[in-house]
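So the structure is just underneath, and the comments pick up after that.
The values are calculated or read from the model by the stated rules, or taken from the named source; none is laboratory data. Keep in mind that this is a model prediction, so the values were computed, not measured. Glycine also receives a Cβ, built like all others from the backbone with ideal geometry; neighbour counts cover every protein chain displayed. Just so you know, the surface numbers come from the protein's heavy atoms only, side chains and all, with ligands and any DNA or RNA stripped out. Shrake-Rupley method; radii C 1.70, N 1.55, O 1.52, S 1.80 Å.
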Number of protein chains: 2
Amino acid sequence: MNTNNFRRIVIVGTGQLAGHLASSFKIAGYSSVQIIGRDPKKTKLFAQRFNFDFAVSFDDIDSDADLIVLAVSDDSIDEVIAKLPYHKGICVHTSGSKSLDVFGSKFEHFGVFYPLQTFTEGRIINFREIPVLVEANNKYSHDMLISIAKSMSDYVYELNSDERRKLHLSAVFVSNFVNALFTMGNDILNDTKLPFKILKPLIIETMDKAFESGPDNAQTGPAKRGDMGTIQSHLALLSNKPEIATLYSLFSTYINNKYNDKTNEQL
Amino acid sequence: MNTNNFRRIVIVGTGQLAGHLASSFKIAGYSSVQIIGRDPKKTKLFAQRFNFDFAVSFDDIDSDADLIVLAVSDDSIDEVIAKLPYHKGICVHTSGSKSLDVFGSKFEHFGVFYPLQTFTEGRIINFREIPVLVEANNKYSHDMLISIAKSMSDYVYELNSDERRKLHLSAVFVSNFVNALFTMGNDILNDTKLPFKILKPLIIETMDKAFESGPDNAQTGPAKRGDMGTIQSHLALLSNKPEIATLYSLFSTYINNKYNDKTNEQL
């Protein structure tokens, strides 16, 4: 028996994350979901996609909702909390970097519901595989949030604000900065007319290896080998890209220091 | 009909790449393969794994071989070429960063056979999916190398030495440096007791997105959004890791400059 349809949920926001949450709530069997957005046309269209209710003012918020989810940008969280009327349901934000403290003493029940993923328009994502990090201010909030999170994802963890901020920082390295390295690799490749996809088997193997043996054991390359000849020849190729050349040197020094304690020579 | 067993091949080396090449030659139907290594015991064991011949001196090299493959480290290529007796077969090296010129005028037929992959002990790799980059000094070498490469891989490209060096540089960014970012993400995560594998769905989605829409379009994160509050809070978390903090700042400046031309503020 699916008991999720007895729980009432409000999603504040109509962006990427709001869309993925709405879709995941629908799949998990929540039938009473209200979408709140500023733009009446956009909000209505958004709600209609899932056959959910909608509102464009906080005054019309479902007063019996068990959960209010703020799926808004980090910069807007403080402002939205200030404008929200008092509500007896649990209010959560969805940010990796914002603390639980942002709720102050406004609500009795509050928490954080942080899905660890990069959300992009039009991409279908299986929410069940996305880790959800939960933090709560009391036992009632805790039990409810864990129960809702588990109805949506197979990977639910409890984390305090400090740990969540570190997880978010880690995610910036392995996602945003990894993608920036992909753009640099792609720029270098543009000089050769080879397609970016030629790198795919290498990138997949790099990732698989890191997860199988741990990234520390998986490191390879000229800097790991201390192959100064190749490093110098690469830096020469980057002479017209000083920003990327600086990153190349820093990475090579980092890797060389980590794996070859004997040589501390600047690369 | 498999005609590969009429071709004779010599592999110089007994390391990771030599192992993957031997395995791939075996799968592609080459039955006359000779392994040459310095260490008699290791070389014999290596050859026995594939039921291939072996030798420990260049004097015993198969004089009728069509192809000699130097699967040795970049640093040893010049030395091995100097020691090799004259041979009428095609001699190739397997390096991404070394030029075709390293062969000088020693042989009539020579070239490069560069498999774009990171090879690690004990990992099974499907060679058919690995791009092979071929360069040759004349038409005979060219036709033979393309034919052999295509018998082993579905992704054979011709590339001159300059282009191959750029491809190798690009590979260092998207593989070696990506793995270094994984080690940094892992180090940051170690403070939270979360396992590295919690990042897997995020990393897979980051990779898939880059290949689907191109890395330039796939960029997300605080630096892309110009979210200075999050960036400052992340830098504070890295105050006891100055090397990683410097990389964080450089990446953020690079991304911010690339996507937000209006703000050139140093991050």
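Structure notes:
- Any hit, region A:160-168, residues being under 28 Å from B:TYR259 (Cβ atoms), over 22 Å from the mean Cα position of the chain (by Cα) and touching a residue at least 40 places away in the same chain (Cβ under 8 Å): no
- Exactly one residue among B:GLU129, B:GLU121, B:GLU79, B:GLU108 is touching a Pro at 6+ places or on another chain (Cβ under 6 Å), open to solvent by 60 Å² or more (accessible area, probe 1.4 Å) and charged (D, E, K, R), and that residue is B:GLU129.
- Filtering region A:160-179 to residues that are more than 7 Å from every other protein chain (Cβ to nearest Cβ) and surrounded by fewer than 22 Cβ atoms within 10 Å (Cβ to Cβ) leaves A:ASN160, A:SER161, A:ASP162.
- Of all the residues in region A:188-213, those that are within 7 Å of chain B (Cβ to nearest Cβ) and part of a loop (DSSP other than H, G, I, E, B) number 3.
- Restricting the first member to region A:71-82 and to residues that are free of Cβ contacts under 8 Å to residues at least 60 places away in the same chain, and the second to residues that are assigned to a loop (DSSP other than H, G, I, E, B) and among the hydrophobic types (A, V, I, L, M, F, W, C), the beta-carbon pairs closer than 9 Å and six or more apart or on different chains are A:GLU79/A:VAL72; A:ILE81/A:PHE107.
- Among (1) within 30 Å of A:HIS234 (Cβ to Cβ); (2) aliphatic (A, V, I, L, M); (3) assigned by TED's automatic domain parsing to the domain that holds A:HIS20 - the single one A:ALA210 does not satisfy: (3)
- Selection status of B:LEU250, over 28 Å from the mean Cα position of the chain (by Cα) and at pLDDT 95 or above: no
A quick yes/no check of all residues on (1) modelled with pLDDT under 95; (2) closer than 19 Å to B:LYS193 by Cβ:
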residue	(1), (2)
A:VAL132	no, yes
A:GLU135	no, yes
A:SER151	no, no
A:ASP154	no, no
A:GLU163	no, yes
A:ASN176	no, no
A:ASN179	no, no
A:PHE182	no, no
A:ASN190	yes, no
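- Against the conditions (1) surrounded by fewer than 19 Cβ atoms within 10 Å (Cβ to Cβ); (2) in contact with a His (Cβ under 7 Å, 6 or more places away or on another chain); (3) not small (Gly, Ala, Ser), A:LEU70 satisfies every one except (1).
- Screening the candidates A:SER99, A:SER73, A:SER95, A:SER31 for the property of being modelled with pLDDT under 95 and within 14 Å of chain B (Cβ to nearest Cβ) yields one hit, A:SER73.
- Selection status of A:LEU67, farther than 12 Å from A:GLY13 by Cβ, in the same structural domain as A:VAL134 (by TED's automatic domain parsing), touching a residue at least 60 places away in the same chain (Cβ under 8 Å) and of a type in the set (A, V, I, L, M, F, W, C): yes
- Filter pass, B:LYS106 being assigned to a loop (DSSP other than H, G, I, E, B), farther than 17 Å from B:ALA71 by Cβ and more than 10 Å from every other protein chain (Cβ to nearest Cβ): yes
- Residues of region A:1-52 that turn out to be charged (D, E, K, R) and touching a Ser or Thr at 6+ places or on another chain (Cβ under 8 Å), as a count: 4
- Enumeration of residues in region B:32-61 that are open to solvent by 90 Å² or more (accessible area, probe 1.4 Å) and assigned to a helix (DSSP H, G or I): B:LYS41, B:LYS42, B:LYS44, B:LEU45, B:GLN48, B:ARG49, B:ASP59, B:ASP60
- Subset of region B:5-31 (residues that are more than 17 Å from B:SER76 (Cα to Cα), open to solvent by 60 Å² or more (accessible area, probe 1.4 Å) and not in a loop (DSSP other than H, G, I, E, B)): B:ASN5, B:PHE6, B:ARG8, B:LYS26, B:ILE27
- Residue within region A:140-151 that is open to solvent by 10 Å² or more (accessible area, probe 1.4 Å), touching a strand residue (DSSP E or B) at 6+ places or on another chain (Cβ under 8 Å), outside any helix (DSSP H, G or I) and more than 8 Å from every other protein chain (Cβ to nearest Cβ) present: no
- The numbered conditions (1) within 7 Å of chain B (Cβ to nearest Cβ); (2) without any contact (Cβ under 8 Å) to a residue 60 or more places away in the chain are all true for A:MET184 except (2).
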